[in-house]
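The values are calculated or read from the model by the stated rules, or taken from the named source; none is laboratory data. Because the structure is predicted, anything quoted here is derived from the model rather than measured. Positions of Cβ are backbone-derived with ideal geometry, glycine not excepted, and every protein chain shown enters the neighbour counts. To get the accessible areas, we keep the full protein, side chains included, count just its heavy atoms, and leave off ligands, DNA and RNA. Shrake-Rupley method; radii C 1.70, N 1.55, O 1.52, S 1.80 Å.
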Amino acid sequence: MVERKDVTKGNVDEGNGAVISARGLGKEFNGIWALKGVDLSLERGETLGVIGPNGAGKTTLIRVLTGQISPSSGEIHCEGKVVDPARLGFRMRIGLVPQEASFYGRLTARENLALLARLYGLAGEEAAARTDELLQWSGLLEHSRRQVRFFSRGMQQRLSLAMGLVHRPEIVFLDEPTSGLDPEARSAVWELILRLQEEGRTVFMTTHNMEEADHICTRLAILVKGEIREQGTPQRIKSLLGTDRVELRLSEERQGELEELCSSLGIYWKKEGEAYVLTGVDLPEKLPAIISRLAVGLRDMHYREVTLEDAFLRFMREVEG
Amino acid sequence: MRGWRSLLAKDWKMVVRNRILLGVLIIYPFLIMGVIGAAFQETGRPVPVGLVNLDEAREAGSLWICGESGSPAGWRRTLQRRAEDFVAYASGEEALAAFERGEVDALLLVAESSGGEEWCGARIANDRLEAMVGDLEDGWRGLRYYATAGEAESSLRDGECDAALGLLGKAYPYLAETIWLEGENYDAARLLRDFSRDVMEISDYASEKEALADLRSGRLDAVIVIPPGFISRLKTLEEVAGVKVVIDQSNLVKAEFAETGIRGFLSRVSERVVEEKMRAVVAGLYVLVTGGDFFGTQVVGLQEIGDNLRSIRDAVADRPELAGLVEQGIELAETVVADIEDAAAYLRGTALPVDLEVTSVAGRSLAAKDAVVPSLVALSMLWTGVLCGAILMVLEDEEGMRVRLRLTRMGPFALVGSKLLLAGAIVFLQSVVMLFLAVAAFGAFASSMHLALLTTALTALSCIGIGLVLAAFARQVAGAVILSVLVTFPLIFMTGAVFPLSQMPHFMRVIAHAIPLTYALEALSGVMLRGESLADVAWRLAVLLGFGVALLGLGSALVRRKSR
Ligand SMILES: Nc1ncnc2c1ncn2[C@@H]1O[C@H](COP(=O)(O)OP(=O)(O)OP(=O)(O)O)[C@@H](O)[C@H]1O
Ligand SMILES: [Mg+2]
């Protein structure tokens, strides 16, 4: 645990070159702190994913960072300087795709985009050009004349993404961009987010989907009950929190021996029905020793690489238990 | 206000593409206007009234007098004493059958102290019966007259009276008399018909029960029961003639119409009768002066008596003591003649002491439909304005767009401004169309259309302001609509739109004057119906403007705070 805290600290201390960084950010709603001293930085060009259970404060964090609500404590820095995110200068640099559906259902995709383009100060032709560009970008050009309320969820989400990009923001906040989408629609949205990365935009996103976090994000932060508990690359999070796991079955007379061995090697084990499940940080290194000692009586063995989901779930169990 | 035009265009598209919104905000008020307009188009029609005339000659058929006798047993003894033949019956059926067969002239139904009822009948001479009727009409309280035994029985059973006397209609004294008015002879039915022309549409009923049934079913708005002997009482100087009027008060407007109509008619009758009686008295007095027929007796006039006395005085001129006495007679005759002339002049003046001339302040007499237009316009503006303001604003939340809009370059007042402009346009145009429709299609009166439009324009501000304030307390259109309904209905009842302010208790009036709609209504009816000028309503318009600005400011502040 000590090691983990150090990791968190280390990242924040390096935060000076960050585009945006939060220092001790807290937000109180009627006496309840939805965010507690959040230290987090967003580096240029990275895609930071904030993962955390429902009610962890992910949306609140985005709302504070995008200036929709003001923090109860702490400050927000932009390129090293304290900034009020509600100011126009900052607002023009960020784009937001809210968690809830947000578009005018009775307007067409084109009308929605064009309205925002006008409101972002684009003149008539410029606005029309940008609208076309975004329709093209989101693959909605052929549906641009349909009222958005008749769109599928996937199409709506692609439009929602496009609507956050009207003014070509360098930083894009995505609040659970794929929740409620089917796999096909989800990968279409991933496609778009990856394209944002290619364009060099900085992305701050929240998600529940570990596959998404692993696949899309270059760095992850785990937010639990308003606090950042972990930060690092997906690989690092996985190795910190979870490990690869081995499932094995062996004859009854050898079982006591296995348990003893695991204890002495510092391998975490538990019994799931007939099978033993072994997990541990350096399992790959220790595994040969176990196999050689227990070769007789070993019935079968499966090796499975850890997923971020496993890691997250285990982490959550640890946090709660 | 940067961006207001794009927002306005967007809102307009959303309204037009949303059928429910389109209906609620644009079509519904016209529907209301059409329905109410059509209903009021017909007002001024005669009130349907049922007439139960018990003061008419009835050869067959009975007449029942009910009342609080005080001592049912005593009246039973009175009947027994005056009767030639007295029968006590075991049951009502038996008694009524005997009455129908003509075996008895009168039936007495009395409540017993034990709670039951007792029937007795009598053969009785007509003059004795008349005397008894006279006695009981003097002695009983709460007199009621019915044409059927059934009605009398149920009145007794309901505890409205403790005794009822039934007699053959023709045995009732002073029935179906006529009165001489304006050179014509009137019986009760004709009096009612002729004097209520244009105001009441009269249908005849044989009994009160039947008439009341039709009143309940809505076919009639009122029932008038004329008691037996009505005209007779009308004619005599000592007695007061009463009629019974039953009005359906479940509908206030209907009751108001009926009552006004009937009161108007009765006061016209009273006026004529009083006038006629005065004329008779004055004529009688003149007969004392001129001589002639003095209420059926030929008399010698005072003037002639005076002349005769003067001849006597001349003849006895040589006897001064006699001449002196005669002189006294002459003087008396002259004084009395002069007094009578004064008295007659005075009486003629008293007959109708006040000459009432009712005119409208508008300079033209107004119909109900004229009077209803300002309220209707103001109320529909309130409805549309509040809903429009609230819904347009809350739609931004419901569509989740507030978050996005706040990040754009949109000016701080663009959102509120665009809503105000669109809602204002909708509400104002609606009032314009309503006013023109009212005037052009329904022929309603408006003394100044310009001022009316100015008033509605200012009214729109307050109504939309209320809507914006409400929008701050809702996150969804459904919530906004519920809030709007919750707020608009009490507002409507708290202004003078439904009940006149002058009839409200003081605190209600204070409340009413804290509501912009009250000023809107006063100003609107002022410029439309009372012929008021801009100067007359200027302060009300200023108050309206003040309310509008304050409410819009408050609404805008609340709405902006909510999005934080
Ligand atoms: N405006 C508010 N007033 C009061 N409490 C709030 C408000 N907004 C959020 N909260 C509370 O703050 C906590 C964090 O909420 P938040 O919406 O940020 O969670 P989340 O991580 O986005 O959850 P989800 O995964 O469900 O979107 C919750 O307990 C929520 O009830
Ligand atoms: Mg959320």
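Looking at segment B:1-53, which of its residues are of a type outside the set (Val, Ile, Thr), more than 30 Å from B:ALA241 (Cα to Cα) and in a loop (DSSP other than H, G, I, E, B)? Even if it seems obvious, please write down each step before you answer.
Going through segment B:1-53, the residues of a type outside the set (Val, Ile, Thr) turn out to be B:1-14, B:17-19, B:21-23, B:25, B:28-31, B:33-34, B:37-42, B:44-46, B:48, B:50-51, B:53.
From what's left, more than 30 Å from B:ALA241 (Cα to Cα): B:1-14, B:17-19, B:21-23, B:25, B:28-31, B:33-34, B:37-42.
If the condition is that a residue be of a type outside the set (Val, Ile, Thr), more than 30 Å from B:ALA241 (Cα to Cα) and in a loop (DSSP other than H, G, I, E, B), then B:MET1, B:ARG2, B:GLY3, B:ASN18, B:GLU42 are the ones that fit.
In segment A:92-107, the qualifying residues are those that are assigned to a strand (DSSP E or B) and either open to solvent by 40 Å² or more (accessible area, probe 1.4 Å) or within 16 Å of A:ARG158 (Cβ to Cβ) (or both), and the one that is farthest from ligand 1 (Cβ to nearest atom) is A:GLY95.
With a cut-off of at least 2 residues that are free of Cβ contacts under 8 Å to residues at least 40 places away in the same chain, name the strands (runs of 3 or more DSSP E) lying wholly within segment B:54-117.
In segment B:54-117, B:85-89 are the strands (runs of 3 or more DSSP E) which contain 2 or more residues that are free of Cβ contacts under 8 Å to residues at least 40 places away in the same chain.
Just so you know, in segment B:379-426 the residues that are without any contact (Cβ under 8 Å) to a residue 60 or more places away in the chain and acidic (Asp, Glu) include one that is least open to solvent (accessible area, probe 1.4 Å), and it is B:GLU396. All conditions but one from (1) acidic (Asp, Glu); (2) open to solvent by 10 Å² or more (accessible area, probe 1.4 Å); (3) closer than 27 Å to A:LEU220 by Cα apply to A:ASP175; the one that does not is (2). Residues in segment B:217-247 that are part of a strand (DSSP E or B) and open to solvent by 30 Å² or more (accessible area, probe 1.4 Å): B:LYS244, B:VAL245, B:VAL246, B:ILE247. Taken together, A:GLU253, A:GLU259, A:GLU211, A:GLU247 contain a single residue that is touching a Gly at 6+ places or on another chain (Cβ under 9 Å) and either not assigned by TED's automatic domain parsing to the domain that holds A:VAL19 or not in a strand (DSSP E or B) (or both), which is A:GLU253. Restricting attention to segment A:113-135 and to residues that are facing another protein chain (nearest Cβ under 9 Å) and not in a helix (DSSP H, G or I), the residue that is surrounded by the fewest Cβ atoms within 10 Å (Cβ to Cβ) turns out to be A:GLY121.
Would you check if A:GLY105 is at the interface with another protein chain (Cβ under 7 Å from one of its Cβ atoms), touching a residue at least 24 places away in the same chain (Cβ under 8 Å) and in contact with a Phe, Trp or Tyr (Cβ under 9 Å, 6 or more places away or on another chain)? Yes; evaluated as a whole, the condition is true for this residue. A:VAL83 meets each of the listed conditions (1) in contact with a helix residue (DSSP H, G or I) (Cβ under 6 Å, 6 or more places away or on another chain); (2) on the phi > 0 side of the Ramachandran plot apart from (2). So which of B:ALA88, B:ALA73, B:ALA9, B:ALA38 is open to solvent by 40 Å² or more (accessible area, probe 1.4 Å) and at pLDDT below 85? Answer to the selection: B:ALA38.
Here is a check on your reading of the model: is A:ILE62 touching a Phe, Trp or Tyr at 6+ places or on another chain (Cβ under 6 Å), within 14 Å of chain B (Cβ to nearest Cβ) and within 16 Å of ligand 1 (Cβ to nearest atom)? Criteria met by A:ILE62. Scan A:GLY226, A:GLY266 and give me the residue that is of a type in the set (Gly, Ala, Ser) and surrounded by fewer than 17 Cβ atoms within 10 Å (Cβ to Cβ). Exactly one residue qualifies, and that residue is A:GLY266. Scanning segment B:407-425 for residues that are closer than 18 Å to B:LEU382 by Cα and within 10 Å of another protein chain (Cβ to nearest Cβ) yields nothing.
Out of all the residues in segment A:21-39, which are of a type in the set (D, E, K, R) and within 17 Å of the chain's Cα centre (by Cα)?
Of everything in segment A:21-39, just one residue is of a type in the set (D, E, K, R) and within 17 Å of the chain's Cα centre (by Cα), namely A:ASP39.
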